[in-house]
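The values are calculated or read from the model by the stated rules, or taken from the named source; none is laboratory data. What you are looking at is a predicted structure, and each value in this text was computed from that prediction instead of being measured. Counting neighbours? That spans all protein chains shown, and the Cβs are built from the backbone with ideal geometry, glycine included.
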Amino acid sequence: MMKALSIAWKDTVHVYRDIAGLAMMFIAPLVLATVLGAAFGSGDNFSIAAVRTVIVDQDKGAGAGTPAAGAMLSAALESPDLGDLLAITRLDSPEKARTAVDDGDAAAAVIIPAGLSSALASSVAQEANVEIYKDPALVVGPSIVAAVTESVVQTLNGSRAAAAAAARLAVSRGVTDTARLAGIASKAGTAFALQAQTDAQVTVEARNPVVEGSIEKRPNVASQVLIGMMLFFMLFGAATPAHSVLEEHRNGTLSRLFTTPTPRSIILSGKFLAVFVVVLVQAAILLLAGLLLFKADWGEPGPVVVLTVCSAIVAASLGLVTVSFAKTVGQAGAVSSAIFVFLGLLSGNFTGTIVTSGPFATIRRISPVGWLLEGWSKLLYGGSWGSIALPVLVALAFAVVFFGISVFFFRRRYA
Amino acid sequence: MEAIEVEGLQKQFDPPKGPVAVNDVSFEIHEGEVFSLLGPNGAGKTTTISILSCLLKPDRGEARVGGFSVTRQPEKVKGLIGVVPQDIALYEDMSGRENLLFWGRMYGMRGASLDKRVDEVLELIGLLDRQKDRVGKYSGGMKRRVNIGAALLHNPRFLYLDEPTVGIDPQSRRSILDKVKDLNAAGVTVLYTTHYMEEAQELSDRIGIMDQGNMIAVGTQGELVRLVGERTRIDVALDRDADILAGQWRRLSGVTSVSEPDDGHMSLLTDDANTLMPTLFENARTAGARITEISLAEPNLEMVFLHLTGRALRD
């Protein structure tokens with residue numbers, strides 16, 4: 001056992017003295033996760049830059065004592081709650097607003113007509129159109145502006161309907177005084193608007209799938225990407241010490257080891273152990289870096305440890321099995337890289353745990369790395385022991401098969 | 001019982017069409033002696049030493065080291081031997097000391113005793129002051145010394161050195177030969193392979209001459225030289241290749257062997273050099289060639305090889 005540990009220690013030191021190898025193992029996944037995380041947004045969810053929007057409010061109100069509908073709409077768009085979504089600039093003419101959109105200075109313009117309040121206050125049908133002038137090349141930003149505007153306009157229409165209904169009720173109860181009727185209608189409309197804003201009874205809520213027996217979590221994008229990158233680069237991390245078998249064969253040190261009273265099974269065990277230790281340390285460091293740099297919440301410590309060890313075992317077995325087919329270091333490098341990139345694409349390593357549904361979620365189960373990603377995905381969304389059990393067992397089954405193949409080929413070659 | 005006994009070893013690579021590297025080789029090595037395997041490249045020396053190191057299994061035959069079979073008791077044999085491979089087999093990204101510590105652990109050593117022994121070996125190979133430098137930064141001679149040191153850590157009873165002086169400077173070569181003598185004087189039985197006749201002559205108590213997988217002669221230097229009798233070797237350099245002369249000279253009376261011409265160089269063994277030399281000049285003139293150099297040598301291992309194979313050792 002001491003000899004196996006000595007061989008493992010020697011191989012591990014060899015890996016950590018290779019600066020280029022270390023960069024590949026630690027720097028590359030962190031950099032890629034940072035870049036991809038920034039591209040997708042690193043907050044609680046995807047985020048985009050605030051939509052540059054211009055407003056032209058031509059509405060003068062319906063009369064003294066009546067709130068101006070245009071002001072309400074403008075205030076809604078300028079609400080601090082929408083500050084992250086909309087960057088509002090007020091302009092004084094529709095022409096200037098349209099020019100701003102045409103010139104690309106704004107994604108959308110909201111042009112409030114002069115007769116908006118009058119139309120809302122009128123007892124007879126009277127049209128007033130709020131115009132949204134948008135950049136046709138953009139989709140998301142103008143859609144947000146349109147959605148917010150439509151929401152406010154619907155509230156205004158609701159207020160108008162409430163006012164009309166209250167006035168008709170008052171007439172049916174014998175109220176004939178015009179001023180009194182106007183006051184009743186105004187109060188009903190305002191009350192509707194206030195209630196719609198503060199005490200909505202019917203709401204819409206978008207939710208993520210909830211893993212059975214878990215609490216719902218919303219992992220940040222960078223941590224989801226980092227998991228994919230971590231597993232991908234762990235394969236390369238495993239390949240480096242695995243290549244040492246071939247390097248030692250080429251350098252003559254393997255033959256020299258075979259002249260010492262050290263059984264070949266011990267030599268191979270030491271080498272396998274080195275591969276496992278190297279990728280386990282790599283995973284631990286990357287998870288810690290994710291915690292510190294991306295504020296990633298990996299989940300419950302116990303399942304995280306089990307899944308990390310399982311990931312290291314799978315990466316080690318894959319590193320060894322790809323090397324066991326090769327005869328030279330160069331051949332091993334080419335074969336390993338090709339297999340790892342294919343597995344990365346098949347398993348979805350480049351998007352991490354973001355893709356969790358659809359046919360792709362089924363296809364990636366062909367690969368042990370796909371199963372690992374599924375396990376990590378469940379942990380990131382609040383899963384626990386029960387939710388990672390199947391991914392861990394299947395991934396370990398793959399690893400056992402790969403280890404078996406590696407041992408068979410190594411023993412046959414060096415018997 | 002001999003320290004090392006080899007009987008009828010046979011090894012063929014990639015049978016049935018591959019080359020026979022070792023063909024029915026037998027010899028013994030006595031306890032405490034230096035035994036050299038002498039022969040040109042491809043003679044089968046490294047294959048023989050690989051079998052005795054338990055690296056290769058023979059197709060036929062048997063070898064016993066210290067009474068243990070290399071095929072049936074390899075772990076016992078490996079505990080008795082220290083092997084210095086032909087090529088440097090060290091970890092270049094580790095220091096000289098780290099290398100020795102690692103190889104010591106592979107022989108089951110550890111702790112303070114290993115540290116002490118590493119110090120002794122570093123002193124023996126003269127690298128105490130450079131022990132913390134990475135092996136990759138060592139000169140060729142220094143690497144060779146660490147390569148030897150790694151085989152000495154466990155105080156082996158038998159030391160195998162496979163062409164340990166190939167490609168190094170004369171000073172390092174001298175140092176290695178002296179170390180081998182010192183180790184032998186300390187009681188280590190040495191198996192040494194070389195294609196340098198001078199090394200075999202200087203170091204060896206007994207020598208086995210190998211050629212094309214066969215052991216063609218075994219004995220002390222004196223016993224081997226007596227195989228060529230009182231003959232003298234004449235080394236001739238011509239201004240051109242003259243194959244026709246080799247044929248003529250082989251038929252001359254008193255000539256026992258003539259090497260194949262090699263870039264105008266030939267070697268002849270003869271009982272009477274003084275009588276033969278005028279004939280050589282005359283034959284060369286007739287063939288349109290000119291002898292540019294000629295020298296005489298007393299009987300040595302080179303002549304033995306020439307006598308037994310018809311080829312110079314350097315061929």
Residue hits (the stretch B:152-203; within 21 Å of residue B:80 (Cα to Cα) and polar (S, T, N, Q)) are B:155, B:184, B:189, B:193
Having 3 or more residues that are loosely packed, with under 14 Cβ neighbours inside 10 Å is the bar; report the strands (runs of 3 or more DSSP E) wholly within the stretch B:204-305 that clear it.
B:291-297
Residues in the stretch A:242-265 that are more than 7 Å from chain B (Cβ to nearest Cβ) and in contact with an Asp or Glu (Cβ under 6 Å, 6 or more places away or on another chain) total 2
Taking the stretch A:1-19 and the residues there that are within 7 Å of chain B (Cβ to nearest Cβ) and within 41 Å of the chain's Cα centre (by Cα), the one that is farthest from residue B:109 (Cα to Cα) would be A:17
Residue that is nearest to residue A:317 (Cα to Cα), among those in the stretch A:367-399 that are more than 23 Å from the chain's Cα centre (by Cα) and without any contact (Cβ under 8 Å) to a residue 40 or more places away in the chain
A:397
Which one of the conditions (1) over 23 Å from residue B:220 (Cβ atoms); (2) surrounded by 19 or more Cβ atoms within 10 Å (Cβ to Cβ); (3) more than 11 Å from chain A (Cβ to nearest Cβ) does residue B:20 fail to meet, given that it meets all the rest?
(2)
May I ask you to verify whether residue A:279 is more than 14 Å from chain B (Cβ to nearest Cβ), under 29 Å from residue A:397 (Cβ atoms), surrounded by fewer than 22 Cβ atoms within 10 Å (Cβ to Cβ) and among the aliphatic types (A, V, I, L, M)?
no
Out of the residues in the stretch A:300-323 that are under 22 Å from the mean Cα position of the chain (by Cα) and assigned to a helix (DSSP H, G or I), state the one that is nearest to residue A:405 (Cα to Cα).
A:311
Taking residue A:271, is it charged (D, E, K, R) and surrounded by fewer than 21 Cβ atoms within 10 Å (Cβ to Cβ)?
no
Checked pairs for the stretch B:41-58, first free of Cβ contacts under 8 Å to residues at least 24 places away in the same chain and within 21 Å of residue A:414 (Cα to Cα), second surrounded by fewer than 24 Cβ atoms within 10 Å (Cβ to Cβ) and aliphatic (A, V, I, L, M), C-beta under 6 Å and 6 or more apart or across chains, list as B:50/B:56
Out of the residues in the stretch B:97-116 meeting the condition of being touching a Ser or Thr at 6+ places or on another chain (Cβ under 8 Å) and in a helix (DSSP H, G or I), tell me which one is farthest from the other protein chains (Cβ to nearest Cβ).
B:103
Of the criteria (1) farther than 22 Å from residue B:36 by Cβ; (2) away from chain A (no Cβ under 11 Å); (3) among the hydrophobic types (A, V, I, L, M, F, W, C), which one residue B:153 fails
(2)
Output the number of the condition that residue B:60 fails; it satisfies all remaining conditions of (1) of a type in the set (Lys, Arg); (2) within 20 Å of residue A:256 (Cβ to Cβ); (3) surrounded by fewer than 20 Cβ atoms within 10 Å (Cβ to Cβ); (4) away from chain A (no Cβ under 13 Å).
(2)
Could you grab me the full set of residues in the stretch B:64-78 that are crowded, with 21+ Cβ neighbours inside 10 Å and within 14 Å of chain A (Cβ to nearest Cβ)?
B:65, B:70, B:77, B:78
Residues in the stretch A:98-120: is at least one touching a residue at least 24 places away in the same chain (Cβ under 8 Å) and polar (S, T, N, Q)?
yes
Failed item, numbered, when residue A:266 is tested on (1) part of a helix (DSSP H, G or I); (2) touching a residue at least 60 places away in the same chain (Cβ under 8 Å); (3) farther than 30 Å from residue B:56 by Cβ:
(3)
Filter the stretch B:137-151 for residues that are closer than 24 Å to residue A:5 by Cα and either outside the structural domain of residue B:80 (by TED's automatic domain parsing) or assigned to a helix (DSSP H, G or I) (or both) and give the result.
B:146, B:147, B:149
Check the stretch A:365-374 and report whether any residue there is crowded, with 21+ Cβ neighbours inside 10 Å, at pLDDT 90 or above, at negative phi and within 14 Å of chain B (Cβ to nearest Cβ).
no
Restricting to the stretch A:402-415, give me the number of residues that are free of Cβ contacts under 8 Å to residues at least 60 places away in the same chain and surrounded by 13 or more Cβ atoms within 10 Å (Cβ to Cβ).
0
Among the residues of the stretch B:155-192, the number that are surrounded by fewer than 22 Cβ atoms within 10 Å (Cβ to Cβ) and either in contact with a His (Cβ under 6 Å, 6 or more places away or on another chain) or part of a loop (DSSP other than H, G, I, E, B) (or both) is 12
If I ask for residues that are more than 17 Å from residue B:53 (Cβ to Cβ) and charged (D, E, K, R), which ones from the stretch B:8-42 would you list?
B:14, B:17, B:24, B:28, B:31, B:33
